[in-house]
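Before any comments, here is the structure.
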Amino acid sequence: MNLGTLDLGILAVYAAVLFLIAIWVSREPKGHTRSTEDYFLAGRALPWWAIGASLIAANISAEQIIGQSGQGFVVGLAIAAYEWQAAIVLLIVAKYFLPIFLKRGIYTMPQFLETRYGGGVKALMSVYWILLYTAVNLTAVLWLGGLAIESLTGANVFLAMCGLAAFAVLYSLYGGLKAVALTDIIQVVILIVGGFIITWIALDLVGGQAGPIAGLQRLAGEVPGHFEMILSPEHPSYSDLPGIWTLLGGLWVLHFSYWGFNQYIIQRALGAENLAEAQKGLALAAGLKLLVPVIVVLPGIAALVLAGDNVLSGAVLEEKSDRTYGELMKLAPEGLRGLVFAALIAAIISSLASMMNSISTIFTMDIYRDYIARGKTERHYVTVGRIAALSAMLLALVLARPFLGGMESAFQTIQEYTGFIAPGVVAIFLLGFYFRRMNTPGAFAVLIGSVLASLAMKFGLPDMPFVLRIWLVFMAIVALGILVSLLTKPPAPQQPVDLGDIAVKTSPAFNIAGIAIVAVLALIYIAFW
């Protein structure tokens, strides 16, 4: 199905407005030279509403929209654990981790590791994060975005990926994080509105055009298994979402790795005006996370019934569940289809721009500046950052199809791949915060042990759910890090974190928002247990 003239007009207006705003917010006063702080951290001047909106825009990418809609079709509401548990993690990160990071005035997560463990750990993790963001995250967003465009328009997947990459580069490369974060306000509004349109249309069709409430009632009656948050061991998808272990196990490790120590997410908070603004921004993002399953997972569940009604092609969706959202978009009438398509494009390019900026930040500030070219001008480092961002995007285009083209579910595959190192990432940060005796040998033991233990358990116990495997690996390497640190030389006196940094009082608004979010999540899990 092709986009109509009205759809194309909406897309053109969206692209033009986004590009013009990006250029406008990226302007510099006459005579001012853009510094690395300006380019990589938006001059440390981001307000809370920009931080919250940008966090969600960066997060809700093709991976979430397309991958989780497909999992909604296959599994159901249980996949929403990835979204709802993240809200709690965001509150914890805001309360206990951000004070440590912001007090140290760092640009990147590897820079914190350097202050705690030294340059060797920083260099290792800098290389790891650059490889991960380029070869896994950037490629996944490009591939899934191209897949959705192909499903809706019939365009060639690779050409669609090239178009997405070019758009992201054009609007974000010049202005850096400031251009990305401030335009993300527009992106997230379009994304949420477009998502609700798809949800409304899908539920209305399920309910025989009697409204979305009628559609929800029919879904609950015909596919009650798709509304279970805790899967039984007999469920076909138990290996991906192993029942109670989604609440008690390694999914928390993945969340803390992603939301607490992930450069392309936490970079927005590092660019905040102050700690209070950063914490309010994360609280806003936590609140918005409650909406994500409604606009992403619920349409996937509706697609299961619509396929049975022959409204959608069941054969297409069963062959590759990642095509679910693209097929649902075809149901929107002209005009609305253009708005929904713009929402999908917004999700994709905001994530691409965020990843590009983070890759360039880590490469420039942690590798190039420290090991290749010291003492250069700020303008020089900003130029290098732009070149690094463009190079990463080009490499991701080359890698996307061979890496992800044959995967049944890109979303679940990405979670499993990142789970190899996620236990190590979380362990070195948490031990660095709370275990004063933790030292550099202990950190290396944790990182190496995470990969080796994950590989050993994956091939030695292939039937073990990866969420449970991550949890067991995490507990084992925490013990390993403590043991190695106790058996080796203590860290330098200046390295341990002052736990007083963590005991910062939060505002009443943050506390009220946090209590409300936790209460809502408790009610959701009670209702769908």
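The values are calculated or read from the model by the stated rules, or taken from the named source; none is laboratory data. Please read these numbers as outputs of a predicted model, since none were measured by experiment. Virtual Cβ from ideal backbone geometry, glycine too; neighbours counted across all protein chains shown. The area values use the complete protein model at the heavy-atom level, side chains included, leaving out ligands, DNA and RNA. Shrake-Rupley method; radii C 1.70, N 1.55, O 1.52, S 1.80 Å.
In table form, for the structure just shown:
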read-out	value
Some residue of region 246-257 being without any contact (Cβ under 8 Å) to a residue 24 or more places away in the chain, under 19 Å from V74 (Cβ atoms) and of a type outside the set (V, I, T)	no
Wholly within region 232-286, helices (runs of 4 or more DSSP H) carrying at least 1 residues that are among the charged types (D, E, K, R), open to solvent by less than 10 Å² (accessible area, probe 1.4 Å) and at pLDDT 90 or above	263-270
Residues located in region 29-41, provided they are surrounded by 13 or more Cβ atoms within 10 Å (Cβ to Cβ) and of a type outside the set (S, T, N, Q)	R34, E37, D38, Y39, F40, L41
Extreme residue, nearest to S350 (Cα to Cα), among residues of region 28-67 that are modelled with pLDDT under 85, assigned to a helix (DSSP H, G or I) and not charged (D, E, K, R)	A62
I149 open to solvent by 10 Å² or more (accessible area, probe 1.4 Å) and either more than 22 Å from F510 (Cα to Cα) or touching a residue at least 60 places away in the same chain (Cβ under 8 Å) (or both)	yes
Qualifying residues in region 194-211 (those that are under 29 Å from the mean Cα position of the chain (by Cα), more than 18 Å from V75 (Cα to Cα) and at pLDDT 90 or above) - the one surrounded by the most Cβ atoms within 10 Å (Cβ to Cβ)	I198
Selection count where residues are touching a Pro at 6+ places or on another chain (Cβ under 7 Å), touching a residue at least 40 places away in the same chain (Cβ under 8 Å) and over 14 Å from A346 (Cβ atoms), scope region 187-226	3
Candidate set from region 435-454 (those that are assigned to a helix (DSSP H, G or I) and among the polar types (S, T, N, Q)); member that is most open to solvent (accessible area, probe 1.4 Å)	T440
Unique residue being more than 19 Å from the chain's Cα centre (by Cα) and more than 30 Å from L339 (Cβ to Cβ) when the list is L306, L251, L219, L247	L247
Test: residue in region 490-507 that is modelled with pLDDT of 90 or more, open to solvent by less than 50 Å² (accessible area, probe 1.4 Å), more than 23 Å from the chain's Cα centre (by Cα) and more than 30 Å from S237 (Cα to Cα)	no
